[in-house]
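S.K.: First the structure, then my questions, so here it is.
The values are calculated or read from the model by the stated rules, or taken from the named source; none is laboratory data. This is a predicted model, so every value here is computed, not measured. Note that we place each Cβ from the backbone using ideal geometry, even for glycine, and neighbour counts take in every protein chain shown. Side chains included, ligands, DNA and RNA excluded: accessible areas come from the protein's heavy atoms. Shrake-Rupley method; radii C 1.70, N 1.55, O 1.52, S 1.80 Å.
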Amino acid sequence: MRIIVVGNGMVGYKFCEKLVAKKIPGIQISVFGEEQYPAYDRVHLSSFFEGKDITGLELASPSWYRENGIDLHLGDPVQAINRSAKLVHTFKGFVKHYDILVMATGSSAFVPRIEGVEKEGVFLYRTIEDLYLIQSYAAKVKTGTVIGGGLLGLEAAKALIDLGISNPHVIEFAPRLMPRQLDEVASEMLLTTLTGLGLTIHTNTNTSGILGKNQITGLQFADGSSLQTDMLIISAGIRPRGELAVECGLETGMNGGVVVNNFMQTTDPSIYAIGECALYNEMIYGLVAPGYEMAEVLVTHLYNMMVKPPLPAREFTGFDMSTRLKLVGTDVASFGDPFADGENVRNIVLKDSVKGIYKRINVSADGKYLLGGILIGDATQYNLLLQTCKNKILLPPHPEDVILPAREGKKEEGAGVTTLPDDALICSCEGVSKLSICQSVTDKGCETVDAIKKCTKAGTGCGGCLPMVKDLMVYTMKQQGKYIRNVLCEHFDYSRQELLDLVKLHELKTYDAVLNQLGKGDGCEVCKPAVSSIIASLWNEMILKKGNDTSQDSNDRFLANIQKGGTYSVVPRIPGGEITPEKLITIGKVAQKYGLYTKITGGQRIDMFGAHLGDLPFIWSELIVAGFESGHAYGKALRTVKSCVGSTWCRFGLQDSVSYAIRVEERYRGLRAPHKIKSAVSGCIRECAEAQSKDFGIIATEKGWNLYVCGNGGSKPQHALLLAADIDSETCIKYIDRFLMFYIRTADPLTRTATWLNKMEGGIDYLRNVVVNDSLGMAAQWEVEMQSLVDAYQCEWKAAIENPEIRKRFSHFVNAPDEKDPTVQFEPLRDQKKVANWK
Amino acid sequence: MTQQKETALESDRWFAACRVEDVAENGGVCVKYGDSQIALFYFTRRNEWYATQNECPHKKQMALSRGMIGTKNEEPKIACPFHKKTFSLVTGECLSGDECAIKTYPVKVENGRVYIGIGQNDVS
Ligand code: SRM
Ligand SMILES: Cc1cc2nc3c(=O)[nH]c(=O)nc-3n(C[C@H](O)[C@H](O)[C@H](O)COP(=O)(O)OP(=O)(O)OC[C@H]3O[C@@H](n4cnc5c(N)ncnc54)[C@H](O)[C@@H]3O)c2cc1C
Ligand code: SF4
Ligand code: FES
């Protein structure tokens, strides 16, 4: 039996893959593809512009087709179908007989009728070929525009930015962006965010013509206005490629889709259609997941035609069109019925116009079920909400909790992975259920996400489900009583916590000693900084001591942050943000002398940028003479303890927050930890020092201090939680000692305190028990250990400039120590300078 | 004494870069050769020397000499300090993502001096 597949796109390929896996005896498969390349991942097409080459996008290599007996013809489109003789005629002149014909011809970009679309510089956005053309054209021009403000159009606009067109325009006919997925408020929010990213968006705009002689020079709009542009990408929707079907008389829809039934069968029983060319129930499914489902339905159907006993029948009954977009710079998702409204629906909306967050969920009137929703700005809950919606899982008593950030002390209330039913579809691209993921862990011994990906294919499509896959894996392993080992890298079979205990037990003090005794191989850029940080946390010795210098992360190795262009920044410590006029003058003079750009940082101190490697020791010598110390801005170490002016000047101040901030900063300066640590002290609850966003924050009360812990700014901001209230200064220090030691001992590498707490079973209550009530009986030991670290402190910059061996490393050329890197280039900026952009 | 990359051609010139003790153990330094920059690494743990271009192809930064060396499945590699893209020290191939490969040079050590082999066409 010969099966011919027309089209070697994503769905055509998936059909082949699923079909050969069924090992049906006696079938021969031929594939004709119009494009020159074997099927590739169109969904991630844009990553081409981020440097991925096309073999990286390939779904299977040409040898895969050979090995599976598939005869693959590329660059050879089918031009006609002779249904009565069951023959296809191809461009290269083949005439081939089929028993079963599968059309997987996808769709093409829809080109609206605008005068001048044929001009040079006008492109579509669908194939690798399109991208090559766009890429070479964009290299020659400065401005670019996209017609179409939908999913694809916005992606194309982002691609233009990647290609160096700094301010692309997007023209949308409708009054808002992504009208099919988003409501008005959501579109508005998205528009603001995208404008911030550098896009100029014109809604309600109808393009009437393309200006220019042979080449495009601009767009003419119906309202009489115009826009100058050097190139244009048209992304105004898709049209199913049903031209072959029309010609051979199959039933097609208005815009060309090939009409199919529940088994993907067209009006000719020997011909099937799947993917974006198939019209099911008057609907074209323009996403890859439904296409894959169609492929599965058809493979099952063909199997049951040819093999006994049959598999359970499978029918296509429509598909959920929920999507989460991979728009760069913001999260956008919509699921279920995003627009559900009316008497029987409760709409719950959360909107934060400053953060650009909008969340809308539509809930049944009785508050029990989730009908759909929209997420902008933060779509972390997308997967769970989608599952809750699709599986009709009961919502918690206060349904709004599912979109609210977790409240103080409480775990997230929404449905966790554990509450999902076994048949919940976790990976919709590949159709993998919760049960099969759990079984891959229990029955097939998969214990890494990669193993599960290989075994079940979950997460190999858009990748959006990977966090859930990981949660399921961890959950299943825990249920089996398995201890989940979070090992460092291929050189160490230990978690950071285990390694720290061992390094301490064996009193190891160099990276090599740790590697020799506890690891294998020669180390790498993952374990070197992690082990170096452990050694520093345990012994607080000078980090550049011989033998440990080259195992430091680059910034630690040169005691400064490396910047674009390869120069460094210099950040002296300014405890509590308090500084004398004399010191300010020193900073000014040093910056002047070495030609540095200066800026007040967000951490209440002053950063000097653009220092050549060779200048660093000289700069620091001058700073140290003036009484400055290293600010550890480069280290996974204590950064700043910010303060507000406090009771010494402020009419509301309850305590002297500046003095206390200085005390705290001087106590923990130089302390190395799994990640950087920040703190702040506010003189009253007005909180001008923003203490509640810090790893530990202190706020004055009438009676003393409130101590908050595990806050975070950064990309996932989180408020700190109250650990202890109304404590005196000594108790507060004691608690911070314990808290920091506990963190240093148990956190994974590069985990801030907020993330550490989020993973801690029992949360803040457990942490409070350990720190305040000493439930582990470690408090006394930790306080002693902290004191010895405090006593061992020395300014590492001072140590570095005094040691000729270390100092020698601060030159760019080993064989020309006095020469600076000639490739470093600056450009003027306002009254200072900046580094030249990277190429 | 070690010498890698036997492919060095007859016409190669051996350029005296520095002395052994000038190079950080298990680390790198940058060598000036005319207008070019070469990163030289002393993988002390394996007693091996490597040399590559100093420029990281990712963002064209003169930085590889300041990166961290290590191995991936026994293959010696260098991680760029900027975004930690890694490259094989032996073949120059990019081991993370799809940056293009970096140039590598043979190295020999004689009487405490480190020499880098520059092919005629290697460095302009
Ligand atoms: C200079 C400064 C920006 C400024 O001009 O104000 C700055 C500059 C950098 N920040 Fe920052 N951060 C600065 C204040 C902050 C703050 C504000 C604060 O501390 O009050 C935050 C949010 C608070 C927080 O950390 O929770 C902040 C959150 C980050 C993050 C995100 C951390 C997170 O947990 O998500 C990173 C990335 C990281 O560490 O992995 C980061 C990383 C960086 C790095 C080190 C990126 C890098 O590796 O090159 C930047 C170094 C620039 C340089 O060359 O020196 N910076 N950074 C600020 C220095 C403060 C200081 O005096 O030391
Ligand atoms: C830039 C971009 C981003 C996208 N992002 C997403 C996303 O995030 N999520 C998502 O779900 N979907 C996304 N999509 C849509 C997704 O790529 C499609 O749904 C999917 O590719 C459809 O697969 P298909 O096989 O039906 O069609 P295609 O992948 O288009 O394959 C059809 C193939 O058939 C060939 N062909 C046509 N006619 C003939 C003929 N007569 N003879 C031989 N060959 C023929 C075509 O040349 C083509 O190679 C995106 C699409 C693009 C272009
Ligand atoms: S916010 Fe980003 S760009 Fe700005 S200093 Fe911090 S790390 Fe650099
Ligand atoms: S510049 Fe080297 S990794 Fe980015």
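S.K.: With every protein chain present, what accessible area does A:L750 have (1.4 Å probe, heavy atoms only), rounded to the nearest 10 Å²?
M.R.: Number for this one is 120 Å².
S.K.: Which order do A:D493, A:D99 take when ranked by solvent-accessible area (1.4 Å probe, heavy atoms of all protein chains), largest first?
M.R.: A:D493, A:D99
S.K.: Describe numerically, in nm with one decimal, the distance between label points set 7 Å from Cα along Cα→Cβ at A:H89 and at B:S96.
M.R.: With each label point 7 Å from Cα toward Cβ, the separation is 5.6 nm.
S.K.: On the first, second and third principal axes, largest extent first, how far apart are the outermost C-alpha atoms of the stretch A:122-236 in Å?
M.R.: 39, 31, 24
S.K.: Run the numbers on the stretch A:419-571 and let me know its relative contact order in percent, using alpha-carbon pairs under 8 Å that are six or more apart.
M.R.: Working: 174 pairs, mean separation 19.5, N = 153.
Relative contact order of the stretch A:419-571: 13 percent.
S.K.: Measure off, as a whole percent, the carbon and sulfur share of the 1.4 Å-probe accessible area of the protein assembly as shown, all protein chains present.
M.R.: That share works out to 50 percent.
S.K.: With solvent modelled as a 1.4 Å probe, how much accessible area in total do chains A and B shield from it at their shared surface, in Å² to the nearest 100? Mind dumping the intermediate values first?
M.R.: On the way: alone 38370 and 7020 Å², together 42030 Å².
Adding both sides of the contact gives about 3400 Å².
S.K.: Right, something else. Loop only per DSSP, at most 13 neighbouring Cβ atoms within 10 Å: give me the GluC sites (Glu not before Pro) in the stretch A:113-222, ordered by residue number.
M.R.: A:E118
S.K.: Let me ask you something else. Write down the Kirkwood hydrodynamic radius of the stretch A:483-594, to one decimal in angstroms, obtained as one divided by the mean of 1/r over all alpha carbon pairs.
M.R.: With all distinct Cα pairs of the stretch A:483-594 included, I get 16.3 Å.
S.K.: A 31 angstrom limit on the alpha carbon distance is what I want to check against. Which of A:K833/B:K32; A:K359/A:K392; A:K504/B:K32; A:K308/A:K457 exceed it?
M.R.: In this structure, A:K504/B:K32 lie more than 31 Å apart at Cα.
S.K.: Taking chain A as the reference, fit the longest principal axis to its C-alpha atoms, fit the long axis of helix A:616-625 to the helix C-alpha atoms, and give the angle between the two in degrees, 0 to 90, nearest 10.
M.R.: Helix A:616-625 sits roughly 40 degrees off the main axis of chain A.
S.K.: Let me ask another. Can you pull out the GluC sites (Glu not before Pro) in the stretch A:425-531 that DSSP calls coil and that have at most 10 other Cβ atoms within 10 Å?
M.R.: A:E507
S.K.: Given +1 on the Cβ of Lys and Arg, -1 on the Cβ of Asp and Glu, and no further charges, what dipole in debye does the stretch A:122-236 carry about its Cα centre, rounded to the nearest 20?
M.R.: Approximately 300 debye in magnitude.
S.K.: Please list 3J(HN,Hα) in residue order for the stretch A:740-746, calculated via the Karplus relation 6.51 cos²θ - 1.76 cosθ + 1.60 where θ = phi - 60°; whole Hz, with x for glycine and proline.
M.R.: Values per residue, Gly and Pro as x: 5, 5, 4, 4, 4, 6, 10 Hz.
S.K.: Would you mind estimating how fast the protein assembly as shown diffuses translationally, via Stokes-Einstein at 25 °C and 0.890 mPa s with the Kirkwood radius over Cα pairs, in µm²/s?
M.R.: After rounding, the answer is 77 µm²/s.
S.K.: Moving to a separate point now. Charges only on Cβ, +1 for Lys and Arg, -1 for Asp and Glu: so what's the dipole of chain A about the Cα centre, in debye to the nearest 20? Numbers along the way, then the final one.
M.R.: Values: 91 positive and 97 negative charges, 131 e Å.
Computed charge dipole of chain A: roughly 620 debye.
S.K.: Nearest 10 degrees, 0 to 90: what angle lies between the long axis of helix A:128-138 and the longest principal axis of chain A (Cα atoms)?
M.R.: Helix A:128-138 and the main axis of chain A meet at about 60 degrees.
S.K.: Just want the answer: with Cβ charges of +1 for Lys and Arg and -1 for Asp and Glu, which residue in A:G148, A:I662, A:G519 is farthest toward the dipole's positive end in chain A?
M.R.: A:G519
S.K.: For the stretch A:247-323, state the semi-axes of the equivalent ellipsoid (square roots of 5 times the eigenvalues of the alpha-carbon gyration tensor), sorted largest first and rounded to whole angstrom.
M.R.: 21, 17, 8
S.K.: Quick check: the angle from helix A:288-306's long axis to the longest principal axis of chain A, C-alpha only, nearest 10 degrees?
M.R.: 50
S.K.: Moving on. Ranked by accessible surface with a 1.4 Å probe, highest first, in what order do A:M283, A:M305 come?
M.R.: Ranked from most to least accessible, the order is A:M305, A:M283.
S.K.: About its Cα centre, how strong a charge dipole does the stretch A:561-791 have in debye, to the nearest 20, once Lys and Arg get +1 and Asp and Glu get -1 at the Cβ?
M.R.: Roughly 760 debye for the stretch A:561-791.
S.K.: In addition: Over chain A, calculate the relative contact order: mean separation of alpha carbon pairs under 8 Å at least 6 apart, over the residue count, as a percent. Write out the running numbers ahead of the final one.
M.R.: Working: 1672 pairs, mean separation 54.7, N = 839.
After rounding, I find 7 percent.
S.K.: Provide the net charge surrounding A:I744, with neighbours chosen by a C-beta distance below 13 Å and charges set as Lys +1, Arg +1, Asp -1, Glu -1.
M.R.: So the surrounding residues net to +3.
S.K.: Also, quick follow-up: Toward the positive end of the charge dipole of the protein assembly as shown, about the Cα centre and with charges on Cβ (Lys, Arg +1; Asp, Glu -1), which of A:A295, B:W49, A:L177 goes farthest?
M.R.: So the residue furthest toward the plus end is B:W49.
S.K.: Select from B:T86, B:I116, B:C18 the residue farthest towards the positive end of the dipole of the stretch B:2-116; place +1 on Cβ of Lys and Arg, -1 on Cβ of Asp and Glu, and compute about the Cα centre.
M.R.: Of the candidates, B:T86 comes out farthest on the positive side.
S.K.: If you don't mind, another one. Calculate one ³J(HN,Hα) per residue across the stretch A:769-778 by plugging θ = phi - 60° into the Karplus curve 6.51 cos²θ - 1.76 cosθ + 1.60, and present them in order as whole Hz with x for glycine and proline.
M.R.: 4, 5, 7, 8, 9, 6, 5, 9, x, 9
S.K.: Next question, about the same structure. Within the stretch B:24-84, which GluC sites (Glu not before Pro) sit in a loop by DSSP and count at most 14 neighbouring Cβ atoms inside 10 Å? The partial results should precede the final answer.
M.R.: On the way: sites: B:E25, B:E48, B:E55, B:E74; in loops: B:E25, B:E74.
Counting only loop positions with at most 14 other Cβ atoms within 10 Å, the GluC sites (Glu not before Pro) in the stretch B:24-84 are B:E74.
S.K.: Report the percentage of all Cα-Cα pairs in the stretch A:561-791 whose separation exceeds 27 Å, rounded to a whole percent.
M.R.: Counting pairs separated by more than 27 Å, the tail of P(r) holds 36 percent.
S.K.: How many angstrom lie between the C-alpha centres of the stretch A:732-788 and the stretch A:613-679?
M.R.: 22
S.K.: Mind checking Rg over Rh on the stretch A:2-161, alpha carbons, Kirkwood formula for Rh?
M.R.: Ratio value, two decimals: 1.03.
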